[in-house]
1. State the answer as a single residue: which of V186, S203, M227 lies farthest towards the positive end of the charge dipole of segment 136-239, with beta carbon charges of +1 for Lys and Arg and -1 for Asp and Glu, about the Cα centre.
2. Based on the Cα coordinates of segment 10-73, what is the per residue volume of their convex hull in Å³?
3. Please give the length that would be gained between K257 and D333 if that part of the chain were fully extended, namely 0.36 nm times their separation in residues minus their C-alpha to C-alpha distance (nm, one decimal).
4. Between H159 and R27, what FRET efficiency follows from the Cβ-Cβ distance if R0 is 45 Å, with the result rounded to 0.05?
5. First obtain the Kirkwood hydrodynamic radius of segment 325-404 from its Cα pairs, then insert it into the Stokes-Einstein equation at 37 °C and 0.692 mPa s, and state the resulting D in µm² per second as a whole number.
6. Throw me the Rg/Rh for segment 210-265, computed over C-alpha atoms with Kirkwood Rh, two decimals.
7. Determine by what factor the alpha-carbon radius of gyration of segment 136-239 differs from 2.2 N^0.38 Å, reporting the quotient.
8. Using a basic spin-label model with each label point 7 Å from the Cα along Cα→Cβ, how many nm lie between E246 and F399?
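Read-outs throughout are calculated quantities, based only on the coordinates presented, and are distinct from any laboratory measurement. From a predicted model like this one, the values you see are computed outputs, not experimental measurements. All Cβ positions, even for glycine, are placed from backbone atoms using ideal geometry, and neighbour counts span all protein chains on display.
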Amino acid sequence: MVESENVCEGIDVTESQDGGIIKLIKREGSGDETPNEGANVFVHYVGTLEDGTQFDSSRDRGKPFDFPLGRGHVIPGWEVGVETMKKGEICTLTCKPEYAYGKPGKPPTIPQNSTLVFEIELLYWEDEKVTDDLLVSKKILKKGKGNDCVSDGGTVEVHLKGKVGERIFDERDVQFTVGEGGESDVIPGVDAAVKTMKKDEVSLINCDSSYAFGERGREDWEIKPSMSVEYEIHLKSFEQLKQPWELSSAERIDDAKLVKEKGTEYFKEEKFSLALGKFTRMVALVESLVEERDLKQASPLILAGHLNVALCYLKLGKYPECIESCDKALFRDKNNVKALYRKGRANLAMHYPDEASEMFQKVIKLDPKNKDARTYYNITKKKIAEYRVKEKKIYANMFDKFAARDAKNAAQAESSLNPDGKDVFTKAEEEARAIFGDEVATADGGQKLEKEKTAATTNNDKDGDKASEELANRIKDTSEETAETPSSSETISS
């Protein structure tokens, strides 16, 4: 425990002043700042019962404890008390049961209805991280109201003030759809930050250039390439996007049609991520409708939604997700040409030519005039042939190694049977000379034996060369068939 230094008297830090949290400062902190809601705070603490019995201590563990403030990860007494502390401050918080573990306590270390005493040292804190990569951070300047935050698809009204140092480059009121801020000239960092804010909250966010104006900067606002910026955001109001279950069947179908139109517009502008969001919403609106009167309109929308989601994933290079969406479409229509074609494209991109070939063959069977499918089918044939050649080379090298090993073993075996070290051809030649004389042996037997030796070492190579030549000709024929780059026939499904 830390000795008291120049301490102030204990004060009630509860909002209702009910005496539930009494704070006693044991060592003053530095500066005037205190951590805001959402900040990740780092503390050392020692927890005791009222009689002084210790039940927990981060100091004993030798490691600080950290938690996000205001997110319900710790007892209410800590949420309220730590928010009043300055960096380096040490205090005790005496927390009544309703601000600690309540009537149940936390057996076996904390009995029922226990008042707890914590000595806490606030080491430091980090501003709230808005993005997982930690490149956008947030500091709350004014707390908001309530507990709700807006989600993707909701509409927000904000006042923005963009700064570089002390220079303000962007100040305005703007209304935009969350997740689509770029359509209203709102940077990605602001778009992400509003999802963490409460109504009427004012926060300061720091954005890395990748969430601001990127490597290009923005000349009209004098933003240099790769420059970080700050934005002060006042979230004046927001309206959540209605969930499907909040809408009637007719409303869901009508909304799905409107969302599809917007998604198609984004797709034509090559804003594939935004289009994906719209088509995903489109499916979510109608896929759970079950009444027969609704299915007549909903079923085509569901199928089109899965096809369009697959197409967006294909454009974004997310091939496993593309295949998954294609399978959902094929579950509804097993002979859907677009689903088969897009599944083939995704498999080919993932270097699965056999699977891709199967898809393209199905497309050609269903739609013989589909030029794109034929072009990609020829590409898969070429890829498969290339893989076969590679496989042949691999196996040929393996066989060569095995043959060399067997030859070595055979030579060693012959050497043991022929102590003079002469091979069978040499011994045969000597025997021929002994029987027929030098001239006959040299003219006939020797030449014949030499030919046999040569033939024995080249027959396998000739067979292999012949097979390689046939494969090469097949690849050449395939290459000539697919010399032109395929033109895209991809269209949004209606």
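1. So the residue we want is S203.
2. Normalising the Cα hull of segment 10-73 by residue number yields 142 Å³.
3. 25.3 nm is the gain from fully extending K257 to D333.
4. 0.70
5. After rounding, the answer is 238 µm²/s.
6. Using Cα coordinates only, the ratio equals 1.25.
7. This ratio for segment 136-239 stands at 1.00.
8. 7.0 nm
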